[in-house]
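Reading through the structure tokens given below for one structure.
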Amino acid sequence: MQIPPPSATASPPWEGRRVLVVEDSSVQRGYLVGLLRQLAFGEIFEAADGNEALQLLERERHDRIFLVLTDLEMPGMDGIELTCQLRDRNLADNLIVVSARDPRLLEIIENMAREDAAIGLLGTLLKPVQLESLAQLLCKAGDRDGGCAPAPPPSLPAQASLEELAQALARKEFLPHFQPKVAMQNGQLKGVEALARWQHPQRGLLSPAHFIDTLEGQPLMAEFTLVLVQQVLEHIQHWQQAGLPPLTVSINLSADNLAERAFIDRLTALVNGSGVAPASLVWEVTETSVMRQLSQALTNMGRLRLMGFGLAMDDFGIGYSSMQQFARCPFTELKIDRAFVNGAAQWPNRLTVLKSALDLGQSLGVATVAEGVETVEDWKLLRDLGCDMAQGYLLAKPMPAEELVGWMRQDRRRLRALAGSE
Ligand code: C2E
Ligand code: CA
Ligand code: CA
């Protein structure tokens, strides 16, 4: 990753300034501190909750701290209460709030700040905080001080409307692509993850960034998932006939999918009717999905496991109470988010999260998968840390089902060499 450019002519206005990080998880706090160091902040203070933060800021009043970077969910005083206290006591000029939860929670803070400029909010960020986004928000503080020019906001692809998606579904325009998951010990293909694509008649092949958010929370998501699962089941049968070794296929489930008993009934009926063994399928769910409707999610995960399906916790490391939640759920696999994988050899803060995720997976006896393995350096580090499987552009990008057999033949030697590399 590139360190965002302090402008070529002047150093960034925050360079050498004092900053306070308020975050209850020591791992996450370490991660944020690492980012701030990379941005060339000066003294970095840390507090584990709102009360500790207020005491510290009162004590340092004589030499004001430039920025307060706080988590939203904390035991004791949460981020919303802390924001109000900072305003009432006039303790922060620049505030950034981060959260692993629903973006709507962050919107509350954004709305508060719109009503009241005294809050000094530069903006809010979802975890995992990326260096580039943090630097962009900081440029707003630079603006006030007459500092660096703000970078243009990242452009997100336009989301299709629900009507368009319903039509696309009826026209069978959604299909899965597949990305290999490779055993780090010997370079063998262990499984693939199915990733949805939209074959748009005019715009070509579109990634989930163009449609998943619109489907989220809508009844159409159930139909969408089942359409993909149906296609996956057909591909599994073709691969078996083509003589591919047994593979597991991972499929992403949305929060609503996971929480609805009726959906789980339809899903399992579909698989049972196909003759594909449940053990060939792994359902991937994120911690946020599990937390959204915890008791239904736990019940349904238990049912899926009893039927013999695999269950993976996706995007591990960016949730807000990862360790505790993980131990409570019947997962068979832990997928570490790529924010903590790619570049972990260079960035100690990523490495800390990566190591603790691997420790957790290993101590609970579940398979560990690293996402976003992009370089040989990433690969070697993970292999030396004992990670079971890798997924990422170094091995292969997601590809159409028809290309998988060819890819396997062509890349077998390369992968074996990678596994054995010094
Ligand atoms: P995810 O489940 O975390 O999937 C991994 C994403 O990382 C994929 O993006 C994949 O193409 C990308 N990726 C893989 N290796 C690398 C790498 O080395 N570097 C980088 N930078 N990226 C890598 P994609 O296909 O765009 O999917 C994005 C997200 O959309 C998925 O994230 C998943 O949350 C969601 N999604 C995809 N298909 C489905 C689906 O069928 N149902 C649901 N509910 N969500 C889906
Ligand atoms: Ca996934
Ligand atoms: Ca993931």
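The values are calculated or read from the model by the stated rules, or taken from the named source; none is laboratory data. None of the values given here were measured: they were computed from a predicted structure. Note that each Cβ is placed from the backbone with ideal geometry, even for glycine, and that neighbours are counted across all protein chains shown. Surface areas here come from the heavy atoms of the whole protein model, side chains and all, with no ligands, DNA or RNA. Shrake-Rupley method; radii C 1.70, N 1.55, O 1.52, S 1.80 Å.
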Have a look at 157, 219, 183 and report the one farthest towards the positive end of the charge dipole of the stretch 154-232, computed about the Cα centre with Cβ charges (Lys/Arg +1, Asp/Glu -1). 183
Using a Gaussian network for the chain with springs between C-alpha atoms less than 10 Å apart, which of these wobbles most: 17, 29, 305? 17
Can you tell me, using C-alpha contacts under 8 Å and at least 6 residues apart, the relative contact order of the chain as a whole percent? 13
At a 1.4 Å probe, what is the % contribution of carbon and sulfur to the accessible area of the chain? 51
Given a Förster radius of 25 Å and the C-beta distance between residue 81 and residue 374 as r, what FRET efficiency does 1/(1 + (r/R0)^6) yield to the nearest 0.05? 0.05
Return one number: the angle in degrees, 0 to 90 and rounded to the nearest 10, between the long axis of the Cα atoms of helix 294-306 and the longest principal axis of the Cα atoms of the chain. 30
When the Kirkwood radius is taken over all Cα pairs of the chain, what Stokes-Einstein diffusion coefficient follows at 10 °C and 1.306 mPa s, in µm²/s? 68
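How much area per residue is accessible in the stretch 162-419 when the probe is 1.4 Å and only protein heavy atoms are counted (Å²)?
Value returned for the stretch 162-419: 43 Å² of accessible area per residue.
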Please figure out what share of the DSSP beta bridges in the chain is antiparallel and state it in percent, rounded to the nearest 5. 30
So the label point goes 7 Å from the Cα of residue 55 along Cα→C-beta, right? Which residues of the stretch 18-45 then have their backbone N under 18 Å from it? 20-26, 45
Rounded to 0.05, the calculated FRET efficiency for the beta carbons of residue 38 and residue 126 at R₀ = 25 Å is 0.85
Rolling a 1.4 angstrom probe over the protein heavy atoms, how many square angstrom per residue are accessible across the stretch 19-138? 40
